[in-house]
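The values are calculated or read from the model by the stated rules, or taken from the named source; none is laboratory data. Quick caveat, the model's predicted, so the values are computed rather than measured. Every residue, glycine as well, gets a Cβ built from its backbone with ideal geometry; the counts of neighbours run over all protein chains shown.
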Amino acid sequence: MDLKKYIRSIPDYPKKGILFRDITTLIKNPDAFKFTNDRIIEISKNIKFDKVAAIESRGFVFASTVSYALKKPFILLRKKNKLPADTFSVDFTLEYGDATIEVHKDSISKGENVLIIDDLIATGGTAEAAAKLIKLSGGIVAGFIFVINLFDLPGNNLLKSKGYRTECLVEFPGH
């Protein structure tokens, strides 16, 4: 299945100069959504991991199916002040501003392998922050899975240069 047909491109969102790749058109199509999740689950089976983590919010859509299908604990990596218990926090820069993500301090135990899933990799700031959270928690990053790689932006290569395994289902230019 050609997933590109199901991903909408929106120019100048959320700010001028950004070409936003919208997965809502993919997830509203049952066949495309099932195909995407089946592929992510198959890729996940070839990665040794104890827990699956997802980056807020679109990563939740795909990581939850991996958690369910493979019976692995599901960890939420959320925006600042969205988690109720004690957290670890990492600040980072996005293409269009600064942000913070957090994880509960009791989510990951020392030495656990954590697979991180998100919808898209662009500049890599969010993904790199997620990896830092896993390490700060005592965990080990088992790898990353993204639905979309914006191949002309540095994110995927940044993660690979740091020794992380990355898997992507489809590639688009970022501009």
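Name the residue, out of ASP98, ASP86, ASP106, that is more than 10 Å from the chain's Cα centre (by Cα), under 25 Å from PHE151 (Cα atoms) and free of Cβ contacts under 8 Å to residues at least 60 places away in the same chain.
Working: ASP86 fails: under 25 Å from PHE151 (Cα atoms); ASP106 fails: under 25 Å from PHE151 (Cα atoms).
None of the others qualify; the one that does is ASP98.
Enumerate the strands (runs of 3 or more DSSP E) found wholly within the range 45-148, keeping only those where 3 or more residues are more than 20 Å from GLY163 (Cβ to Cβ). Walk me through how you get there before you give the answer.
On the way: elements: 51-55, 74-79, 87-94, 97-104, 113-121.
Of the strands (runs of 3 or more DSSP E) lying wholly inside the range 45-148, those with at least 3 residues that are more than 20 Å from GLY163 (Cβ to Cβ) span 74-79, 87-94, 97-104.
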Tally, over the range 39-59, of residues that are more than 16 Å from the chain's Cα centre (by Cα) and either among the polar types (S, T, N, Q) or farther than 27 Å from LYS132 by Cβ (or both): 2
ILE7, sole failed condition from (1) touching a Phe, Trp or Tyr at 6+ places or on another chain (Cβ under 9 Å); (2) without any contact (Cβ under 8 Å) to a residue 60 or more places away in the chain: (2)
Among the residues listed as GLY139, GLY124, GLY143, GLY59, the single one being under 21 Å from ARG21 (Cα atoms), touching a residue at least 24 places away in the same chain (Cβ under 8 Å), surrounded by 17 or more Cβ atoms within 10 Å (Cβ to Cβ) and touching a strand residue (DSSP E or B) at 6+ places or on another chain (Cβ under 7 Å): GLY59
First in the range 18-35 and in contact (Cβ under 8 Å) with a residue 24 or more places away in the chain, second anywhere and of a type in the set (D, E, K, R), Cβ under 7 Å, 6 or more apart: ILE18/ASP12; ILE18/GLU95; ILE23/ARG58; ILE23/ASP119
Where ILE47 falls short, out of the listed (1) at pLDDT 95 or above; (2) crowded, with 19+ Cβ neighbours inside 10 Å: (2)
